[in-house]
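To start, the structure under review is shown below, and the notes come after it.
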Amino acid sequence: MPNRYLRKMDLKREIHKVSGFSNLDLLARQVVEGYISGMHKSPFHGFSAEFAEHKIYNAGESTKHIDWKLYAKTDKLYTRRYEEETNLRCHFIIDNSASMHYPRVEKFRIDALNKIGFSALAAASIMQILKRQRDAMGLSIYSDEFEFYAPEKGSERHYFMLLNALEQMLAKPAKKKATDTYTYLHQIAEKLKRRSLVLLFTDMFQADAEESELFEALRHLKYNRHEVVLFHVLDGEKELNFDFDNSPRRFTDVETGAEVDLYSENIQDNYKTAVEQYVNDLKMECAKYKISYVQADINKNFDNILTAYMLERQKLV
């Protein structure tokens, strides 16, 4: 049996030993296949070994690669972009601070995810597409320290190494770790020398960072014409709507340990108003710096995540 095959099997065995998402690759494939099967009229319909994706036909281009079958179904012109034409580099950045481990879950399941589990599976799903299209991918994980970094590569071994890093991240118990997003975004920006698609998964809870410092770091990522997508990961039911029953509760800041006792209904309206204003401000700042803002609600499916990736991909290939 070839040594290369044995090394690949050994790596897969190591991945499956990790607790948490013990088969992240399988779950990611299920997410992607479910997404693709529902895209009957999509310009991205039809992943296969023949070509990487469809692209909207622009007047004046060669008609050689127009997909006439898709035209018959959609009445729109799309051309096939083949594997060898794509050269995408994608770097994932995941915030692993304590607030990302909300809500507490006993076991990671696809139908019961906290914010860090949702982020890991969303990233793994996009990695699955990148692997199919033979594109290069890299990964950074940070909290109050730079926990993991791997540059962009396109090999299958590298893909499984990144999955392993995600699974190890999920297997570790949550700690009271603050977020130092802007510091590590600057460091990552220095490492990315070639134009890439940068996907940041964070809940945007910063204990000490000023908003101006955070967006200065995000603007740094725009250097060298990187396309940046901010996936704002949150629990819409609790963190946007503050939907708790009206019994006395003690709310604890998972990063600082600060506590407050209150009835949720007493502050729900003011809370929702404040959060809505905060989200709108985030969107405005992202628009100012030409950063794509995508709200990633852990109570919903991954369709908007994958669609955002597809749209941003077209800007680079």
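Structure data summary
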quantity	calculated
FRET E, pair Glu106, Asn301, Förster distance 30 Å, beta-carbon r, rounded to 0.05	0.85
Probe 1.4 Å, all protein chains present, accessible-area order of Met284, Met127, largest first	Met284, Met127
For Glu147, residues with placed amide H under 5 Å, excluding near neighbours	Ile141, Tyr142
HN-Hα J in Hz across segment 143-153 - Karplus 6.51, -1.76, 1.60, θ = phi - 60°, x for Gly and Pro	8, 8, 8, 8, 7, 7, 8, 9, x, 6, 9
Integer Hz, Karplus 6.51/-1.76/1.60 couplings in order for segment 112-127, x for Gly and Pro	8, 10, 8, 5, 6, x, 4, 5, 5, 5, 4, 5, 4, 5, 5, 4
Full-stretch length increase - Tyr278, Val260 - with 0.36 nm per residue and alpha-carbon distance subtracted	4.4 nm
Accessible-area composition of segment 95-156, carbon plus sulfur, in percent [1.4 Å probe]	45 percent
Members of Lys193/Lys315; Lys55/Lys131; Lys76/Lys131; Lys115/Lys283; Lys115/Lys172; Lys153/Lys315 lying beyond 26 Å, as alpha-carbon distances in this model show	Lys76/Lys131
Å² per residue, accessible surface of segment 269-316 at 1.4 Å	57 Å²
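The values are calculated or read from the model by the stated rules, or taken from the named source; none is laboratory data. Fair warning: this is a prediction, and the values are worked out from it, not measured in the lab. Cβ coordinates were reconstructed from backbone atoms using ideal geometry, including for glycine residues, and neighbour counts include every protein chain displayed. Protein only, heavy atoms only, side chains kept; ligands, DNA and RNA dropped before computing areas. Shrake-Rupley method; radii C 1.70, N 1.55, O 1.52, S 1.80 Å.
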